[in-house]
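Novice: Here's a structure for you.
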Amino acid sequence: MEEFILSTTENVPGYKVVKVLGIARGATVRAKHLGKDILAGLRNIAGGEVKEYTEMLAEAREIALQRMIQHAKEMGANGVIGVRFMTSAVASGAAEIFAYVTAVILEKE
């Protein structure tokens, strides 16, 4: 299995960027589940973490990240630098999680 490197920084220690391939991205839109929304509403009254939404957003970030990695691999990348996430509301009760990076070819120094 070939190594694929993800980095939130612009440099990867021990590697050099030999080619920048462009922006790779991945996204998903998630909507609230009625049952979980009711539980979250009750939890919101009592205060504290709304675990139902925390879990939904964590799952959404993972899906967006995997789609972004797949896009980068399709571009011919063996790594990505500058991993970033963005969230936006696209409709009432639905949010988009968007992951984007610079897809690169890295070589060991």
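The values are calculated or read from the model by the stated rules, or taken from the named source; none is laboratory data. Remember, it's a predicted structure, so these values are computed and weren't measured experimentally. Positions of Cβ are backbone-derived with ideal geometry, glycine not excepted, and every protein chain shown enters the neighbour counts. All accessible areas refer to the heavy atoms of the entire protein, side chains included, with ligands and DNA or RNA removed. Shrake-Rupley method; radii C 1.70, N 1.55, O 1.52, S 1.80 Å.
Novice: I need every pair where a residue in segment 1-18 that is open to solvent by 100 Å² or more (accessible area, probe 1.4 Å) has its Cβ under 8 Å from the Cβ of a residue that is part of a loop (DSSP other than H, G, I, E, B), sequence separation at least 6 or different chains.
Specialist: Pairs that qualify, where the first residue is open to solvent by 100 Å² or more (accessible area, probe 1.4 Å) and the partner is part of a loop (DSSP other than H, G, I, E, B), are 2/78; 3/78.
Novice: If I ask for residues that are acidic (Asp, Glu) and over 8 Å from the mean Cα position of the chain (by Cα), which ones from segment 58-70 would you list?
Specialist: At the first step, the residues of segment 58-70 found to be acidic (Asp, Glu) are 59, 62.
Hit for segment 58-70 is 59, nothing else.
Novice: Check whether at least one residue in segment 19-42 is over 22 Å from the mean Cα position of the chain (by Cα), at pLDDT 85 or above, closer than 30 Å to residue 79 by Cα and surrounded by 10 or more Cβ atoms within 10 Å (Cβ to Cβ), and report yes or no.
Specialist: So in segment 19-42, the residues over 22 Å from the mean Cα position of the chain (by Cα) come out as 19, 34-42.
If we keep only those that are at pLDDT 85 or above as well, we get 19.
Then keep just the ones that are closer than 30 Å to residue 79 by Cα; that gives 19.
Still in the list and also surrounded by 10 or more Cβ atoms within 10 Å (Cβ to Cβ): 19.
Yes, that holds for at least one residue.
Novice: Further question: Looking at segment 49-60, can you tell me whether even one residue there is under 23 Å from residue 102 (Cβ atoms) and at pLDDT below 95? Can you show your working first?
Specialist: The first filter runs over segment 49-60 and keeps only residues under 23 Å from residue 102 (Cβ atoms), leaving 60.
When the remaining residues are screened for being at pLDDT below 95, the result is 60.
Yes - at least one qualifying residue is present in segment 49-60.
Novice: Additional query: Going through segment 71-104 one residue at a time, which ones are buried (at least 19 other Cβ atoms within 10 Å of the Cβ), within 12 Å of the chain's Cα centre (by Cα) and of a type in the set (Gly, Ala, Ser)?
Specialist: Scanning segment 71-104 gives a single hit, 99.
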